């Protein structure tokens, strides 16, 4: 059901992003716009974007560009054309008229519109054209935002919808949510309403923008940008246009109008910010947030508030311990509590109002918010967490109408052998595409074999799944206790995975900060040794061990993966060892394994030492599996990359089941080069110091890395054991941890300050 000849018309932000994701998937694509300047700019934007829009720069070779005037005839060979031009109905209709004359009868045509109904788009087109027309609404940035809203018209053929859903799910890695042809579809309908309510309630309760964002952000399971930070990220002017458009297309009586532009108390402030050029991060001047300053809600400026309100701080502490936070947010009667109560009451009631007219199943709305707006839980999962009667009470308090969906007090999700969702037609199994497992849903039907505040061990039909779930999935002693538990009862295999946005950015620096402040070097050494022994148990487990990360997999988090038999990684995974950035060295076997991979690849001890020293010292990362491959952080002969993160668990568990007879790896010995290479390393660092590339502490950290991979005592090579390498890592780590410069870096990192030593 794949497409083989694809074109995108419109090389703006969305069009180029769609073309880039098609290229990421290994498929060729034709990108057309009015001028070559437009397409050239689009390619440069893809090449230089941050975060990277492409898996590698080589993906650009799969994008062919052209102009609508000169290359329109090439569309006659296409089997799928995506229209992503400006949101003007007249221009789109003119384009579709030309496409109907040019394209093959079986060519699928879709629009990336976020607002215009299909019924208006295809007006005047033949029924045959309408049968092969749909809306494919991607979210920006296309590589990273998982949601695709797939909208069917009155005449769109079911097989066309199936084909589009299959290609976007399997090939482009999207979470496909079917939507009716209703204003705003699902994601923007709920997401933009939530932002407007957050802004409205911040004004009503007299909160600062920092307070509102802190409460509406992570404690609610919403990205930390909250409302005002997200406005700045997207663009204040762009958000203003989106709000206006939704206000124009939503029916009279919709609750959105009460918080639209004309009725929102922030309207005057937003207009003034746009007029003055403060349109958010893209402007270079800021928006609601401006360097160390922030806007008051009356438009005046003041220094930014860095301390969280007590309500948000208490919830953040609970979040760190994997406890429910929503109930804490609604307890009390201060301004922060009233903000949380009214926000939740209004937004959750609004989402429930969309049943059944917009969709028959809460899962569609939950999926749209999780994949399109990065909410941890969807609105109906949040309703279940609070209790339906509680949400109905919150809605009434906030002046919102209680919808019929909240009059039934049965939960929206009900665990059992399979997870079921309450639809307008009764409970039905949660619907997912073939080969899709979302562990965040699966875990609701299971009881953990072992659990603590940082991690849990689960049984998936004989396979053990280790899930990290501390704050930001930072690894602690509790995390490694679950790794030990998995190694002691490994079942048929072990899977390292979690369904968070980021697998893990490393070991919890707060733990090391506490060791340093207490001068507890024995405690630090014991912590590191326990970490090392846990990953060694994984490496030499009697069953296969697969790591299945998505998002950031850095530092200690990546060291766990380095000791797996193979990786099944999401295509957006970032892999690497970054400890040098805070003046430390990897000490969970990261240097050891990196050196071993380079020595295996080159057979040359000096080459292996140099390459390991350079990439660990620079903290190099691979922002995709393709870019991690040259660093030996991703080994294509044994590791696997998948485009859709929802396929990680199914793919990894199948790898384990298909393994056959398993034999743990043989324990290696390590040949380290003599100390002669230290001269080259010293010269390299001294040259960098003289040119201002490095600080003196950079050199100190770099030369400690050298003590792990070089025989610093003699000129001749030295053969050491794997445990010797582990001991070298710990010793180097401890020496650096005792320096005031490393302490300053750790303190600065935890405080969010820049590193300057």
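The values are calculated or read from the model by the stated rules, or taken from the named source; none is laboratory data. Given the structure is predicted, the values throughout are model-derived calculations rather than measurements. Every residue, glycine among them, receives a Cβ derived from its backbone with ideal geometry; neighbour counts consider all protein chains shown.
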Subject >> Scope the stretch 8-36; condition assigned to a helix (DSSP H, G or I), closer than 16 Å to residue 87 by Cβ and more than 20 Å from the chain's Cα centre (by Cα); matching residues >> reply: 15
Original post:
List pairs: first in the stretch 271-286 and not assigned by TED's automatic domain parsing to the domain that holds residue 225, second surrounded by 17 or more Cβ atoms within 10 Å (Cβ to Cβ) and modelled with pLDDT of 95 or more, Cβ under 8 Å, 6+ apart or cross-chain?
Top reply: none
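Here is a check on your reading of the model: is residue 610 surrounded by 18 or more Cβ atoms within 10 Å (Cβ to Cβ) and modelled with pLDDT of 95 or more?
Considered against the rule, which asks whether it is surrounded by 18 or more Cβ atoms within 10 Å (Cβ to Cβ) and modelled with pLDDT of 95 or more, residue 610 comes out as yes.
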Original post:
Inside the stretch 373-399, can you point out the residues that are in a loop (DSSP other than H, G, I, E, B) and farther than 26 Å from residue 224 by Cα?
Top reply: 399
Original post:
exposed (fewer than 15 other Cβ atoms within 10 Å of the Cβ) and over 28 Å from residue 357 (Cα atoms): does that describe residue 461?
Top reply: yes
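Does at least one position in the stretch 263-273 carry a residue that is modelled with pLDDT of 95 or more and assigned to a helix (DSSP H, G or I)?
No: the stretch 263-273 contains no residue that is modelled with pLDDT of 95 or more and assigned to a helix (DSSP H, G or I).
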**OP:** Output the residue which, of all residues in the stretch 407-432 that are surrounded by fewer than 19 Cβ atoms within 10 Å (Cβ to Cβ) and under 30 Å from residue 257 (Cβ atoms), is modelled with the lowest pLDDT.
**Re:** 424
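If you go through the stretch 520-531 one residue at a time, do you hit one that is in contact with a strand residue (DSSP E or B) (Cβ under 6 Å, 6 or more places away or on another chain) and not assigned by TED's automatic domain parsing to the domain that holds residue 744?
No, every residue in the stretch 520-531 fails to be in contact with a strand residue (DSSP E or B) (Cβ under 6 Å, 6 or more places away or on another chain) and not assigned by TED's automatic domain parsing to the domain that holds residue 744.
Report whether or not residue 602 is assigned by TED's automatic domain parsing to the domain that holds residue 673 and either buried (at least 22 other Cβ atoms within 10 Å of the Cβ) or under 18 Å from the mean Cα position of the chain (by Cα) (or both). Lay out the reasoning, then the answer.
Numbers: assigned by TED's automatic domain parsing to the domain that holds residue 673: yes; either buried (at least 22 other Cβ atoms within 10 Å of the Cβ) or under 18 Å from the mean Cα position of the chain (by Cα) (or both): no.
So residue 602 does not fit the description; no.
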**OP:** Report the residue count in the stretch 705-720 for those that are outside any loop (DSSP other than H, G, I, E, B) and either surrounded by 15 or more Cβ atoms within 10 Å (Cβ to Cβ) or at positive phi (or both).
**Re:** 7
Original post:
So residue 428 fits all but one of (1) over 21 Å from the mean Cα position of the chain (by Cα); (2) closer than 26 Å to residue 162 by Cβ; (3) in a helix (DSSP H, G or I); what number is the exception?
Top reply: (3)
Original post:
Looking at this structure, is residue 60 surrounded by fewer than 23 Cβ atoms within 10 Å (Cβ to Cβ), modelled with pLDDT of 95 or more and under 19 Å from residue 623 (Cα atoms)?
Top reply: yes
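In the stretch 87-176, which helices (runs of 4 or more DSSP H) lie fully inside it and hold 3 or more residues that are over 28 Å from residue 623 (Cβ atoms) and in contact with a strand residue (DSSP E or B) (Cβ under 9 Å, 6 or more places away or on another chain)?
89-102, 158-166
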Subject >> Of all residues making up the stretch 37-50, the number that are touching a strand residue (DSSP E or B) at 6+ places or on another chain (Cβ under 6 Å) and part of a loop (DSSP other than H, G, I, E, B) >> reply: 0
Subject >> Odd one out for residue 670, checked against (1) part of a helix (DSSP H, G or I); (2) crowded, with 17+ Cβ neighbours inside 10 Å >> reply: (1)
**OP:** Consider residue 301 carefully, then state whether it is on the phi < 0 side of the Ramachandran plot, surrounded by fewer than 19 Cβ atoms within 10 Å (Cβ to Cβ) and in contact with a strand residue (DSSP E or B) (Cβ under 6 Å, 6 or more places away or on another chain).
**Re:** yes
Original post:
Since residue 622 meets every condition but one in (1) touching a residue at least 60 places away in the same chain (Cβ under 8 Å); (2) in contact with a strand residue (DSSP E or B) (Cβ under 9 Å, 6 or more places away or on another chain), which condition does it not meet?
Top reply: (1)
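Applying the selection to the stretch 178-189, what residues are farther than 21 Å from residue 431 by Cα and outside any loop (DSSP other than H, G, I, E, B)?
188, 189
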Original post:
How many residues are in a helix (DSSP H, G or I) and surrounded by 14 or more Cβ atoms within 10 Å (Cβ to Cβ) when one looks only at the stretch 690-704?
Top reply: 8
Original post:
So residue 182 fits all but one of (1) within 19 Å of the chain's Cα centre (by Cα); (2) over 26 Å from residue 276 (Cβ atoms); what number is the exception?
Top reply: (1)
**OP:** Under 8 Å between Cβ atoms, at least 6 apart or on separate chains: pull out the pairs that start in the stretch 241-252 with a residue that is without any contact (Cβ under 8 Å) to a residue 24 or more places away in the chain and end on any residue that is exposed (fewer than 15 other Cβ atoms within 10 Å of the Cβ).
**Re:** 247/262
**OP:** Kindly indicate the residue of the stretch 150-193 that is within 21 Å of residue 123 (Cβ to Cβ) and touching a residue at least 40 places away in the same chain (Cβ under 8 Å) and also surrounded by the fewest Cβ atoms within 10 Å (Cβ to Cβ) among those meeting that condition.
**Re:** 180
Subject >> Residues within the stretch 592-616 that are under 19 Å from residue 552 (Cα atoms) and touching a residue at least 60 places away in the same chain (Cβ under 8 Å), tallied >> reply: 1
